[in-house]
Amino acid sequence: STLKRKEDLESISRVPVFGFIPHVDAAKADFVTREDSRGQGAEAFRALRTSLSLSESGRKARIITVTSSVTGEGKTFLSLNLAIANAQAGKRVLIIDADMHKHRLSSVLNESGPSVVGLSNLLAEDVRLEERPSVVTFADLPLYFLPRGPLAPNPGELLSGPMTAPLLKELLGRFDLIIIDAPPVLSVSDARILAGVPDMAFLVAVRLLLTDKRQLKMTMEALRTVNARIIGTIMNYADVTSSSSYGYGYGYKYYAYGYGNKALSEGKKAPWWKRLIHKAS
């Protein structure tokens, strides 16, 4: 019942697949675009950045919320490295931790804890934006970070309150691109609440062999119910090889699970027509 092919993802989501991100070294995963700039992971994020910039929907999107169906599909990893890739291209980028339940992004960037001023303070009007010092994630990149802030007892009410849209509008005047790491759609309502923000676009993260097809369908339906503008999906943990037709870089290719060189050489999992081609060759 899990996603195994690009075609399954396109059929269920009915939006383009903008990127295929391979499994990367766990030690470099959080900052793979920066720490392994010549690796397949970094190349995949650069290709994702290019795909978004060349598509009409992606080119127009200046506020992008990255979400998923459930936890464990890599939305935080995708949000952070997509932000880094765009900052490396010269854009002034702000990444916001809007997952007020898990706040993994704030933890990764060492900006978590009850004393850290962040999004929850701004939405509750405890501080003004001018009083919130910008956190520069990397000194040599035009990349800025707005942490979650103190844990709020009512994160959904904060996001649906009157301050969210004006805050993001003001931030748009300061940055070229805003990327929001939001909670999974099927876990809480927070991501769906953000659909009401003007000019908001959504990218849905899925993970090969983990994302359940039924859950993905429920996620897309839930977002469309609130008129969310879903511009595309990103497949995480995709297999990268040089043997197939789904390419996103010089020498880097994507293939659906079980359809790579090994399957062809063993003559097993590949479709009948691929087995026939293999036998003939």
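Out of 105, 78, 48, 109, one residue alone is open to solvent by 10 Å² or more (accessible area, probe 1.4 Å) and hydrophobic (A, V, I, L, M, F, W, C). It is 109.
Scanning the stretch 112-135 for residues that are closer than 20 Å to residue 64 by Cα and open to solvent by 70 Å² or more (accessible area, probe 1.4 Å) turns up just one, 134. Of all residues in the stretch 51-69, those satisfying the criterion of being in contact with a strand residue (DSSP E or B) (Cβ under 9 Å, 6 or more places away or on another chain) and open to solvent by 50 Å² or more (accessible area, probe 1.4 Å) are 60, 62. The set of residues in the stretch 202-228 that are open to solvent by 70 Å² or more (accessible area, probe 1.4 Å) and under 15 Å from the mean Cα position of the chain (by Cα) is empty. Checking every residue in the stretch 17-34 against the condition of being touching a Lys or Arg at 6+ places or on another chain (Cβ under 7 Å), outside any strand (DSSP E or B), hydroxyl-bearing (Ser, Thr, Tyr) and over 15 Å from residue 235 (Cα atoms) gives zero matches.
Check the stretch 193-201 and report whether any residue there is buried (at least 16 other Cβ atoms within 10 Å of the Cβ), of a type in the set (Val, Ile, Thr) and without any contact (Cβ under 8 Å) to a residue 60 or more places away in the chain. Yes - at least one qualifying residue is present in the stretch 193-201.
When the stretch 5-41 is filtered for residues that are among the small types (Gly, Ala, Ser) and either without any contact (Cβ under 8 Å) to a residue 24 or more places away in the chain or open to solvent by 70 Å² or more (accessible area, probe 1.4 Å) (or both), the ones remaining, listed by number, are 11, 26, 27, 37, 39. Taken over the stretch 62-73, the criterion of being within 20 Å of residue 222 (Cβ to Cβ) and touching a helix residue (DSSP H, G or I) at 6+ places or on another chain (Cβ under 9 Å) is satisfied by 63, 64, 65, 66, 67, 68, 69, 70. Once the stretch 169-178 is narrowed to residues that are in a loop (DSSP other than H, G, I, E, B) and either charged (D, E, K, R) or within 24 Å of residue 68 (Cβ to Cβ) (or both), the residue that is most open to solvent (accessible area, probe 1.4 Å) is 174. For the stretch 137-174, a residue qualifies if it is farther than 15 Å from residue 79 by Cβ and in contact with a Leu (Cβ under 7 Å, 6 or more places away or on another chain), and the qualifying residues are 149, 152, 158, 159, 161, 163, 164, 167, 170, 171.
Count of the stretch 168-189 residues, restricted to those that are over 24 Å from residue 59 (Cβ atoms) and either in contact with an Asp or Glu (Cβ under 7 Å, 6 or more places away or on another chain) or modelled with pLDDT of 95 or more (or both), is 4.
Of the residues contained in the stretch 179-187, none is found to be open to solvent by less than 50 Å² (accessible area, probe 1.4 Å) and either out of contact with any strand residue (DSSP E or B) (no Cβ under 8 Å at 6 or more places or on another chain) or aromatic (Phe, Trp, Tyr) (or both).
Quick check, is residue 203 modelled with pLDDT of 95 or more, closer than 20 Å to residue 79 by Cβ and not polar (S, T, N, Q)? So residue 203 fits the description; yes.
All told, residue 94 falls short of being open to solvent by less than 20 Å² (accessible area, probe 1.4 Å), out of contact with any Phe, Trp or Tyr (no Cβ under 6 Å at 6 or more places or on another chain) and not acidic (Asp, Glu).
Looking at (1) in contact (Cβ under 8 Å) with a residue 40 or more places away in the chain; (2) within 23 Å of residue 195 (Cβ to Cβ); (3) not hydrophobic (A, V, I, L, M, F, W, C), which is the only condition residue 137 fails? Only one criterion in (1) in contact (Cβ under 8 Å) with a residue 40 or more places away in the chain; (2) within 23 Å of residue 195 (Cβ to Cβ); (3) not hydrophobic (A, V, I, L, M, F, W, C) is unmet by residue 137, namely (2). Residues that are touching a strand residue (DSSP E or B) at 6+ places or on another chain (Cβ under 6 Å) and of a type in the set (A, V, I, L, M) were ranked within the stretch 223-237; the one that is nearest to residue 208 (Cα to Cα) is 235.
The values are calculated or read from the model by the stated rules, or taken from the named source; none is laboratory data. From a predicted model like this one, the values you see are computed outputs, not experimental measurements. Every residue, glycine as well, gets a Cβ built from its backbone with ideal geometry; the counts of neighbours run over all protein chains shown. Accessible surface is based on the protein model in full, side chains and every heavy atom, while ligands, DNA and RNA are left aside. Shrake-Rupley method; radii C 1.70, N 1.55, O 1.52, S 1.80 Å.
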